[in-house]
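Notes follow the structure.
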Amino acid sequence: MTNNFIGHSAEAPTHALADVSSSLALLVDQAIAATIPEETAKLAVNGDPETLATLGRTIAVQEGYLIEAVVASLAATHPDRLTLSGVRLPLLPAALDLIRKNRKSLYEGLSLDATAGSTAIYHPDLVIVDPHTRSALIVDVKRSLSGYMGGGKLAELQHRMTASGLVLPDILWRDHQRLAVETVGTAIIDASRTSQDVSDGVWPISRLDDLLDIDDAGALAVGSLEAFRSGVRNVWRNAIEASFPTAARSGMPIITAPDHGKKPRRLPHKAPQPEGPVQTRSPITVGPFGPGVRAH
């Protein structure tokens, strides 16, 4: 098992990419509809706090699902490869121990029997197999790796992916019609990544052309993500115009607050009068606090 995916040189046919463009547009529409239905947008625009909090989480989750679906759809257009999802790869303690304690050169070329006992399972987002070159690629798709920075979390994810790669050949041979694999690579796709450097095994979606060996795959993925975000903004804008048509047309800022009925009359504040002599202490500085204001 090696950690480099040896791709096939054949290109995806033109008609496949034309077909995937329409399927990607459908995926984007479905993601927008699942993220921000009209009624949800209306409640959020009118200041419902629970809906606002839920909407923020839903946008992140649905965007992540969309990125996974887009990558899978693009990978499936390659004429010489099989794209598998839902593959369960056991994480053998022996495999993890081997990777954590040894240099790559010591376990490169090894494969392990997947029938060995293990309670831990790794679920890759995709496994891409090229029967012609007898190579496979384990892919993990992330909306953002920000939560993996620090504490060795990214390295641990890469260890799990590599450990699962040691048993992948046995899994493919046993459970997927005798697919023979001699080379296994791993790749993490980070949709928030702007750097084009992939030496650490992390890929931006803009470089899907190179990863998947499919022309325009990166541009289609980036375009799908931009279309999703634009669609969410349009639904939000339409909800504002429907709820506050005059303010929306004039461009005035819109501030809403819940109506709790008639407010009680506020009584005038009366400062308490000190009793007895005032005790003084060391001088301190007291003054108003605000943007650009210093205490005097």
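Coupling constants for the range 50-59 follow from the phi torsions by the Karplus curve (6.51 cos²θ - 1.76 cosθ + 1.60, θ = phi - 60°), and in residue order they are 5, 5, 4, 5, 5, 4, x, 5, 5, 4 Hz; glycine and proline get x. Histogrammed with a bin width of 10 Å, the alpha carbon distances of the range 49-93 distribute as 21, 29, 27, 19, 4, 0 percent, first bin at zero. Calculated on C-alpha atoms, the gyration radius of the range 82-213 divided by its Kirkwood radius gives an Rg/Rh of 0.95. The local environment of LEU66, defined by Cβ-Cβ distances under 14 Å, has a net charge of -2 under the rule Lys, Arg +1 and Asp, Glu -1.
Among HIS123, LEU137, VAL181, whose Cα lies farthest out toward the positive end of the dipole of the range 82-213, if unit charges sit on the beta carbon of Lys, Arg (+1) and Asp, Glu (-1)? Ranked along the dipole, the leading option is HIS123.
So what's the net charge close to SER206: Lys and Arg +1, Asp and Glu -1, counting the other residues with Cβ under 13 Å from its Cβ? Net charge in that neighbourhood comes out at -4. Length available on full extension from SER206 to SER144: 0.36 nm per residue minus the Cα-Cα distance, which gives 20.9 nm.
Here the gap between SER23 and TYR65, fully extended at 0.36 nm per residue and compared with their Cα-Cα distance, gives a gain of 13.6 nm. Each other residue within a Cβ distance under 11 Å of ILE121 adds +1 if Lys or Arg and -1 if Asp or Glu, for a net charge of +2. Placing a label point 7 Å from the Cα of THR119 along the Cα-to-Cβ direction, the residues of the range 159-182 whose backbone N falls under 20 Å from that point are 160, 164. Under the simplified labelling scheme, the THR194-ALA155 pair shows an inter-label distance of 2.7 nm, with each label point 7 Å from Cα along Cα→Cβ. Can you give me the pair-distance distribution of the range 152-194, C-alpha pairs, 10 Å bins, whole percents? Calculated P(r), rounded to whole percents: 25, 41, 25, 9.
Each reported figure results from applying straightforward, stated rules to the coordinates on display, with no laboratory input. This is a predicted model, so every value here is computed, not measured. Methodologically, a virtual Cβ is constructed for each residue, glycine included, from the backbone with ideal geometry; neighbour enumeration extends over all protein chains shown.
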